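Colleague: Quick one: the structure is below, questions incoming.
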Amino acid sequence: MERRKFTQSLTTSIAGISLARGIGPHPLCNSKNKLGIALVGLGNYASRQLAPALLETHMCELKGIVTGTPSKIDQWKKTYDLEDHQIYNYDNFDSIANNDKIDIVYVVLPNNMHKEYTLRAFQAGKHVICEKPLAMNAQEAAEMVAAGKKANRQLFVGYRLHYEPHHREAIRLCQTEAFGKIKFFEGGFGFRIGNPNQWRLKKEYGGGALMDVGIYVIQGARYTIGQEPIAVSAREFKTDAVKFKEVDELITWQMEFPKGVVANCTTTFSASTNHLYVASEKGFIRVSPAYGYSGIGGHTRKYKFDFPQVNQQALHMDGISNTLMNAVPDLNVCGEEGLRDMKIIDAIFKSVKQVGKRVLI
Ligand code: NAD
């Protein structure tokens, strides 16, 4: 099936679930066919992935941008058919409250700015999608979740793989115990980082491999095993103490799940690793590569599973829009889910500081 049709059918089936459950439509649904999204921060992820994806979405569209770089504006206006009143900067951002065409603010800024812009967006009466990691730590993430509740608006996190078919199939195989009970998990996500001056290598911005990509391994372990870890032990290693002076280069950690199931995980900024492996009593499930924007592949002991490559970001934003328009809860990408991962990340850093000591979560 070609990508657009597949995206459409998945979106339709997501919407179908709400009808089957008899949940009534959200008021937004009566007034609009598509929700309006404003992207805050027009860096790599917003410009190369999210904005192009918004040309493929069925339930949401780009209705505003927030940038501190005026030289970017003309190109964005041309490419995405935007007008002056849809362009904001960081100073006048709060006036987005007066723009009723914008329903969702999507925060795509460095990690240390996630909390501030999420809180300001809630104050402006908008729903929020905030990129991963949700915040700098669990304390901040909890404040963001609480602010959403107080404003009666929803918080989502940018976990783009929950609608990706290979990951959905891996979850299904695990949930149905297709190969028996899960015994252990192995996973890794890392890449060789370039520019030594970028914010990802700075502590004050919330840099480091674990916050950037290791979080996907935490997610992968949690959604395949289907339980919450009870303890972690972690070690950090460096091969380049200059480049990684401020942040973690490589962390390996072990998460203990109830009933003795264990996850061995690695994240790194100095080499490539990209896989998810679940070993069960009677077979295995492997997604490899697992975490990229495309090229995802699925394998089991008996067969391969190859689904069409999809636009992950388009499905993710359509899934969230469906949640809002049709009142279909999606617990996988909600703020609380981001908060759970921040608690685990805090515990991993605590264990690293104590050279691998077991830390309860
Ligand atoms: P980036 O550096 O390319 O973009 C950051 C943007 O923030 C830039 O436009 C920059 O101008 C702007 N900005 C505003 N104030 C700034 C300040 N004080 N310092 C630095 N930049 C400032 O980063 P990115 O790769 O687009 O990442 C942005 C967010 O998206 C991060 O939270 C990252 O973790 C997340 N992300 C998620 C995925 C994913 O797969 N879900 C992939 C990439 C990035």
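Colleague: How large is ³J(HN,Hα), in whole Hz, for each residue of the range 256-270 in order, when computed from phi with the Karplus curve 6.51 cos²θ - 1.76 cosθ + 1.60 and θ = phi - 60°, using x for Gly and Pro?
Modeller: 9, 9, x, 6, x, 6, 10, 10, 9, 10, 9, 9, 7, 9, 10
Colleague: At most 16 other Cβ atoms within 10 Å plus a DSSP loop assignment makes a site exposed; report the longest stretch of the chain without any exposed GluC sites (Glu not before Pro).
Modeller: It works out to 84-176.
Colleague: OK, next. What accessible surface, in Å², does a 1.4 Å probe find on residue 84, ignoring ligands, DNA and RNA and rounding to the nearest 10?
Modeller: So the heavy atoms of residue 84 present about 110 Å² to solvent.
Colleague: Sticking with this one: Using a 1.4 angstrom probe, figure out how much accessible area the chain has per residue, in square angstrom, rounded to the nearest whole.
Modeller: On a per-residue basis, the chain sits at 44 Å².
Colleague: Could I ask something else about it? Which percent of the accessible area of the chain is formed by carbon and sulfur heavy atoms (probe 1.4 angstrom)?
Modeller: 50 percent
Colleague: Report the charge-dipole magnitude of the range 246-319 in Debye, nearest 20, computed about the Cα centre from +1 at each Lys and Arg Cβ and -1 at each Asp and Glu Cβ.
Modeller: Approximately 580 debye in magnitude.
Colleague: Under a Cβ-only charge scheme (Lys and Arg +1, Asp and Glu -1), can you give me the dipole magnitude of the chain about the Cα centre, in debye to the nearest 20?
Modeller: Taking the Cα centre of the chain as origin, the dipole is about 860 debye.
Colleague: Along the charge dipole of the range 252-361, Cβ charges K/R +1 and D/E -1, which of 267, 316, 297 sits furthest on the positive end?
Modeller: Highest projection toward the positive end goes to 267.
Colleague: Could I ask something else about it? Restricting to Cα atoms and excluding each atom paired with itself, what does the Kirkwood estimate give for the chain in Å?
Modeller: 21.0 Å
Colleague: By how many nm would the segment from residue 302 to residue 177 lengthen if fully extended, with 0.36 nm per residue of separation less the alpha-carbon distance?
Modeller: 43.5 nm
Colleague: I've got another one for you. Could you tell me how far the Cα centroid of the range 192-220 sits from the Cα centroid of the range 87-121, in Å?
Modeller: What the calculation gives is 23 Å, centre to centre.
Colleague: In deg cm²/dmol and to the nearest 500, what is the mean residue ellipticity at 222 nm of the chain if only DSSP H runs of at least 4 residues count, each as -39500 (n - 2.57), divided by the residue total?
Modeller: -9500 deg cm²/dmol
Colleague: Spelling out what I want: for every residue of the range 85-98, take phi, set θ = phi - 60°, compute 6.51 cos²θ - 1.76 cosθ + 1.60 (Karplus), and round to whole Hz; glycine and proline get x.
Modeller: Rounded to whole hertz, the list is 5, 9, 10, 10, 10, 6, 7, 9, 3, 5, 6, 4, 4, 7.
Colleague: Is the shape of the range 245-284 rounded, prolate or oblate, going by the alpha carbon gyration tensor and its root eigenvalues a ≥ b ≥ c, with a/c under 1.5 for rounded and a/b larger than b/c for prolate?
Modeller: oblate
Colleague: Among the helices of the chain (complete DSSP H runs), which have Cα atoms covering no less than 24 Å along the helix axis and a Kyte-Doolittle mean of at least -1.0?
Modeller: Qualifying helices, which must be both long enough and hydrophobic enough, are 3-21, 335-353.
Colleague: Next up: Compute the distance in nm between two label points, each set 7 Å from the Cα along the Cα-to-Cβ direction, one at residue 264 and one at residue 74.
Modeller: Placing both labels 7 Å along Cα→Cβ, they lie 5.6 nm apart.
Colleague: Please name which of 329, 258, 141 has its Cα lying farthest along the dipole of the chain towards the positive end, using unit charges on Cβ (Lys, Arg +1; Asp, Glu -1) and the Cα centre as origin.
Modeller: Sorting the options by dipole projection puts first 258.
The values are calculated or read from the model by the stated rules, or taken from the named source; none is laboratory data. Being a predicted model, the structure only gives us computed values, none of them experimental. Cβ atoms come from the backbone with ideal geometry, glycine included; neighbour counts cover every protein chain shown. Accessible surface is based on the protein model in full, side chains and every heavy atom, while ligands, DNA and RNA are left aside. Shrake-Rupley method; radii C 1.70, N 1.55, O 1.52, S 1.80 Å.
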